[in-house]
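S.K.: Structure below; questions to follow.
Read the figures in this text as sums done on the coordinates, not as results from a lab. In this text the structure is predicted, and so the values were computed from the model without any measurement. Note: ideal-geometry Cβ built from the backbone for every residue, glycine included; neighbour counts use all protein chains shown.
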Amino acid sequence: GEIIARMEGESGKQVQIDRLPPSTLLAPAFIFAPKNAMPVTAETSKPTTILRMMPSELKRLIDTDEQIRMNFIRQLSAIDVFLTGKLRMLSLYTVREKVAHFLFNTSVQQKTRTITLDKTRQEIADMFGIQKFSLLRTLSEFEEKGAIKVEGKQITIINSDLMK
């Protein structure tokens with residue numbers, strides 16, 4: 001299945017932290033932490049099967065299987081890199097920079113300047129911790145400048161320099 005991890009503030013504002021594909025550990029950094037309450041809500045977006053394991057059982061596997069130990073360490077390291085990038089994007093980027101970054105990254109992932117969005121505008125805004133209106137306004141500004149062309153779920157990057 002797929003799990004969406006979100007954080008919610010006191011005001012009710014939500015930020016989508018990540019979409020976790022099948023076979024992903026859910027909050028592995030919290031398994032052995034003294035305060036191990038998950039800081040995010042997790043909801044499934046597709047039918048999902050979850051394997052639950054006691055920390056003592058995972059520790060036994062880590063202690064006895066080198067491959068499992070290395071996979072666990074790599075997973076924790078990848079999460080650290082991901083969260084560092086996410087923190088930078090959420091706290092240091094302007095709305096324009098967030099949208100431009102998303103468009104560039106999606107273009108690289110899809111290997112084309114005409115990208116097809118697989119998320120709704122609201123889901124994209126939630127990823128950035130911004131209002132949907134701010135996302136739509138930024139896309140419109142980019143389009144007015146001739147940086148992009150928006151046609152429904154397809155966005156073509158025409159001149160990436162105009163998004164900087």
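S.K.: Starting from one equal scatterer on each C-alpha and no solvent at all, send me the Debye-based log10 I(q)/I(0) for the chain at q = 0.12 Å⁻¹, two decimals.
M.R.: Rounded to two decimals, the profile gives -0.66.
S.K.: Let me ask something additional. Taking Rh as the Kirkwood radius computed over C-alpha pairs, what is the Stokes-Einstein D of the stretch 1-73 at 4 °C in a medium of viscosity 1.567 mPa s, expressed in µm² per second?
M.R.: Estimated diffusion coefficient is 93 µm²/s.
S.K.: Just the Kirkwood number for the stretch 81-164, please: inverse of mean 1/r across all distinct Cα pairs, in Å, one decimal.
M.R.: 12.9
S.K.: Quick one: what are the phi-derived ³J(HN,Hα) couplings along the stretch 64-77, Karplus 6.51/-1.76/1.60 with θ = phi - 60°, whole Hz, x for glycine and proline?
M.R.: 10, 10, 4, 5, 5, 4, 5, 4, 5, 4, 4, 4, 4, 5
S.K.: HN-Hα J couplings of the stretch 115-123 from phi, Karplus 6.51/-1.76/1.60, θ = phi - 60°, integer Hz, Gly and Pro as x?
M.R.: Once rounded to whole Hz, the list reads 9, 10, 6, 9, 10, 6, 4, 5, 5.
S.K.: Would you look at the GNM of the chain, springs on alpha carbons closer than 10 Å, and say which of ALA100, ALA37, ALA29 moves the most?
M.R.: Sorting by GNM fluctuation, first place goes to ALA37.
S.K.: Once phi is turned into ³J(HN,Hα) by the Karplus curve 6.51 cos²θ - 1.76 cosθ + 1.60 with θ = phi - 60°, what whole-Hz value does each residue of the stretch 31-46 show in order, with x for glycine and proline?
M.R.: So the J values, rounded to whole Hz, are 4, 10, 6, x, 9, 9, 6, 5, x, 10, 8, 10, 9, 8, 10, 9.
S.K.: State which entries of LYS13/LYS111; LYS46/LYS119; LYS13/LYS98; LYS35/LYS132; LYS13/LYS149; LYS13/LYS35 exceed 22 angstrom in Cα-Cα distance in the structure shown.
M.R.: LYS13/LYS111; LYS35/LYS132; LYS13/LYS149; LYS13/LYS35
S.K.: What fraction of the Cα pairs in the stretch 36-105, stated in percent, has a spacing above 16 angstrom? Intermediate results must be reported in sequence, preceding the final value.
M.R.: Details: 1694 of 2415 pairs.
Considering the stretch 36-105, 70 percent of its Cα-Cα pairs are separated by more than 16 Å.
S.K.: Here is a further query. Anyone know which of GLU97, GLU43, GLU151 comes out most mobile in the 10 Å Cα GNM of the chain?
M.R.: GLU151
S.K.: Would you please give the FRET efficiency between ASN71 and GLU141, computed as 1/(1 + (r/R0)^6) with r the Cβ-Cβ distance and R0 = 41 Å, to the nearest 0.05?
M.R.: For R0 = 41 Å, the calculated efficiency reads 0.40.
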